[in-house]
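First comes the structure, then the notes that go with it.
The values are calculated or read from the model by the stated rules, or taken from the named source; none is laboratory data. These numbers were taken from a predicted model, which means no experiment stands behind them. Cβ placement follows ideal geometry from the backbone for every residue including glycine, while neighbour counts extend to all protein chains displayed. Protein only, heavy atoms only, side chains kept; ligands, DNA and RNA dropped before computing areas. Shrake-Rupley method; radii C 1.70, N 1.55, O 1.52, S 1.80 Å.
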Amino acid sequence: MLVFLTSVTMLFSCQEHTQHGHSPISGQLSNSSGEMVFLQDVNSGKGINLDSCKLNEKGEFSFQTKIPAKGFYNLTLGPGNFATLILDPSEKISITGDAKNLGYTYKAQGSEDTKLYIDFNAYAMENRKKLNIIKQKQDSIQGVFQFYVNQNKDPRKADSLSKILEPGFNKLSAETMVLLKDADGYAASFIDKNPTSFANLAALQLMSDKEASFVYFERVSDAMKKKFPDQKNLKAFYDYVDKMKRLSIGSLAPEIKLNSPEGKEIALSSLRGKIVLVDFWASWCGPCRKENPNVKKIYAEFHSKGFEVFSVSLDKDKNAWVKAIADDKLTWTHVSDLGYWQSSVVPLYDIKGIPMTVLLDKEGKIVAKNLRGEQLAAKVAEMLK
């Protein structure tokens, strides 16, 4: 009953504002049929309803609700049918669009950031559409190959078909890389032209390689901190960039001081002067155990030349950890706090999964992440020249 009363109150309020025409957020939607329209705060990642009303016979609506802070808001008519707005409490904004397809048709007057977002989103959607078409074609090629393999058990025939299909698949992969590169360039140019726009938060998400694009994350964060130092809904973004900076290429690796199986505390910094692979793993991690032979091979080849491995385990059972070290014959430095996913290193290195590796230079600075096999060997060889 309380929800019903709240809805009635908002509906009455909205209609009253429409009649007086003094709403800071209003608009007119074509192709409407009396739908309910909702204004939602999405800055927390969840859609929190701030107001709602029913479109009148002309498709008009208005909200008098005060915007709590500059940020992202959705004008929503139903699941998948919404317009994203960047609203500011000081602005008066007017929205137009097709009520049946709002997200692809809406325009805004009175909000420069919303206009920028609409322009950027149009490019992003077109880029995503092209990528999806390529993926569908690649999936079709893989489907043809898999169907043939399932029907014909002769591996020689499968190899022959693979050679026929591979050039087409690789051509599509090359087209994907071109589209991703174009998107990175578009996003970078967009940010350079609009360094303090909230729309940059969307532009950053388009970039295909967040690590390689860190300079843009930092540029946007620094610019927006100066313009919006106390903006609460930007704190998560600022914290995210600060975490990226701590683990970015060229940064000094965060210190790790944990105990060896023998109970001796060993610091990562004690290995300065050597090329160090920080290897996060666990005895219970199948992919980690499969990767150990590759690390052993590289260690055997380069250890005498100044290469060291610093393995940090996310085990919780000491016996299992020690047994895995012995079984896999891992002769380098091992440490752990036996904290499992609650280990102190998980938030410190933003570990989302293992195996995970971080390669450090002789000064303890991060050079690369998650290199394996031949790529890791080649990078270590290059660094030891």
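General observations
- None of Ser221, Ser208, Ser248, Ser283 is touching a residue at least 24 places away in the same chain (Cβ under 8 Å), closer than 26 Å to Ile86 by Cβ, touching a helix residue (DSSP H, G or I) at 6+ places or on another chain (Cβ under 6 Å) and not aliphatic (A, V, I, L, M) except Ser208.
- Here region 113-130 is the region considered, the condition is being in contact (Cβ under 8 Å) with a residue 24 or more places away in the chain and open to solvent by 40 Å² or more (accessible area, probe 1.4 Å), and the residue that is farthest from Glu35 (Cα to Cα) is Lys130.
- Leading residue by the ranking (farthest from the chain's Cα centre (by Cα)) among those in region 258-310 that are more than 20 Å from Ala326 (Cα to Cα) and hydroxyl-bearing (Ser, Thr, Tyr): Ser304
- Restricting region 359-385 to residues that are of a type in the set (Asp, Glu) and either assigned to a loop (DSSP other than H, G, I, E, B) or in contact with an Asp or Glu (Cβ under 6 Å, 6 or more places away or on another chain) (or both), the residue that is least open to solvent (accessible area, probe 1.4 Å) is Asp361.
- All strands (runs of 3 or more DSSP E) inside region 37-78 with 1 or more residues being more than 16 Å from Glu91 (Cβ to Cβ), charged (D, E, K, R) and open to solvent by 40 Å² or more (accessible area, probe 1.4 Å): 48-54, 60-63
- Number of the exception - Lys107 against (1) surrounded by 17 or more Cβ atoms within 10 Å (Cβ to Cβ); (2) over 27 Å from the mean Cα position of the chain (by Cα); (3) of a type outside the set (A, V, I, L, M, F, W, C): (1)
- Pairing residues of region 144-163 that are β-branched (Val, Ile, Thr) and modelled with pLDDT under 85 with residues that are assigned to a helix (DSSP H, G or I) and open to solvent by 90 Å² or more (accessible area, probe 1.4 Å), at Cβ distances under 9 Å and at least 6 apart in sequence or on separate chains, gives Val149/Lys157.
- Test: residue in region 159-176 that is aliphatic (A, V, I, L, M) and under 30 Å from Ala122 (Cα atoms): yes
- Checked against the criterion of being open to solvent by 70 Å² or more (accessible area, probe 1.4 Å), touching a residue at least 12 places away in the same chain (Cβ under 8 Å), assigned to a loop (DSSP other than H, G, I, E, B) and of a type in the set (Lys, Arg), the candidates Lys100, Lys137 yield just one match: Lys100.
- Search result, residues across region 173-224 that are open to solvent by 30 Å² or more (accessible area, probe 1.4 Å), of a type in the set (A, V, I, L, M) and farther than 26 Å from Gly250 by Cα: Ala174, Val178
- Hits in region 264-274 - residues which are closer than 18 Å to Leu330 by Cα and either open to solvent by 50 Å² or more (accessible area, probe 1.4 Å) or assigned to a strand (DSSP E or B) (or both): Lys264, Ile266
- Condition met for Thr114 (within 24 Å of Gln231 (Cβ to Cβ), at pLDDT 95 or above, in contact with a Leu (Cβ under 6 Å, 6 or more places away or on another chain) and not in a strand (DSSP E or B)): yes
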